[in-house]
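Comments concern the structure below.
None of the figures in this text is laboratory data; all of them are computed from the coordinates on show. Just so it is clear, the structure is predicted and the values come from calculations on it, not from any experiment. Every residue, glycine among them, receives a Cβ derived from its backbone with ideal geometry; neighbour counts consider all protein chains shown.
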Amino acid sequence: MLDGYLTAIVIAPRSIPPDEWFDDLCGARGNIAVASGTMLAAITSILARFNAINEGLSAKPARHAPIFRKTDEGLAVPNLWCMGFLAGMRSRFDAWEPLLDPNRVDHGLLLPILLYCVDPSGRPMLGPPREGRETEEFLRAAYQDIPFVVPAIKEFWMPERVREVNARS
């Protein structure tokens, strides 16, 4: 989940200050300014992964590799990563609206992620899937598109990020 969360923060439409997303992740214990001991070590590890995702997507976006949990048989389990991504999106959920609109073609960028997300009641976010073997096969393999859509989402938001930087200058 953490890897998905951090990925969403890195590629979000607007920047989010670290103290804000650390507070979201860790609550009051995530205060970077006063962290020590085990919490400081955890924060340092989280920042290292955040930086690795950010640098990787900037330098070699085609090599982006989300960290999915694996079954004992070695099969990827993308649900937790996707739910972490969704949690990261919620920090600025309104800003993600252009990609959340199913009437826009760009909405397809989020589909491989949202397909594995559920609402608070445990129902699929995108509604119940169609029944049938083809749907089951599609759902089993859709996660394989996530390494490709993440850099595309980052690129989609780039004009927004540039406007944000220019507004601060």
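Computed values, structure above
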| quantity | calculated |
| --- | --- |
| Neighbour-limited loop hits for trypsin sites (Lys or Arg not before Pro), the stretch 59-113 (at most 14 other Cβ within 10 Å; DSSP other than H, G, I, E, B) | 104 |
| Additional length obtainable on full extension of the chain from residue 135 to residue 14, 0.36 nm per residue less Cα span | 40.2 nm |
| In sequence order, calculated HN-Hα J values of the stretch 92-101 (Karplus, 6.51, -1.76, 1.60; Hz; x Gly/Pro) | 9, 4, 4, 5, 7, 3, x, 8, 8, 7 |
| Length added when fully stretched, residue 75-residue 155, from 0.36 nm per residue minus Cα-Cα | 25.9 nm |
| Over the chain: helical MRE at 222 nm, DSSP H runs n ≥ 4 each giving -39500 (n - 2.57), nearest 500 | -17000 deg cm²/dmol |
| Diffusion constant of the stretch 66-169 at 37 °C, which comes from Stokes-Einstein with the Kirkwood Cα-pair radius and 0.692 mPa s, µm²/s | 217 |
| Kyte-Doolittle at least -0.5, axis length at least 27 Å by Cα - qualifying DSSP helices, the chain | 37-59, 146-168 |
| Extension reserve of the residue 118-residue 42 stretch, reckoned as 0.36 nm per residue once the Cα distance is removed | 24.6 nm |
| Prolate/oblate/rounded label for the stretch 67-107 (Cα gyration tensor, a/c 1.5) | oblate |
| Label-point separation, residue 168 to residue 55 (7 Å along Cα→Cβ), nm | 2.0 |
| For the chain, the longest site-free run once GluC sites (Glu not before Pro) in DSSP loop states with at most 14 other Cβ atoms within 10 Å are removed | 1-72 |
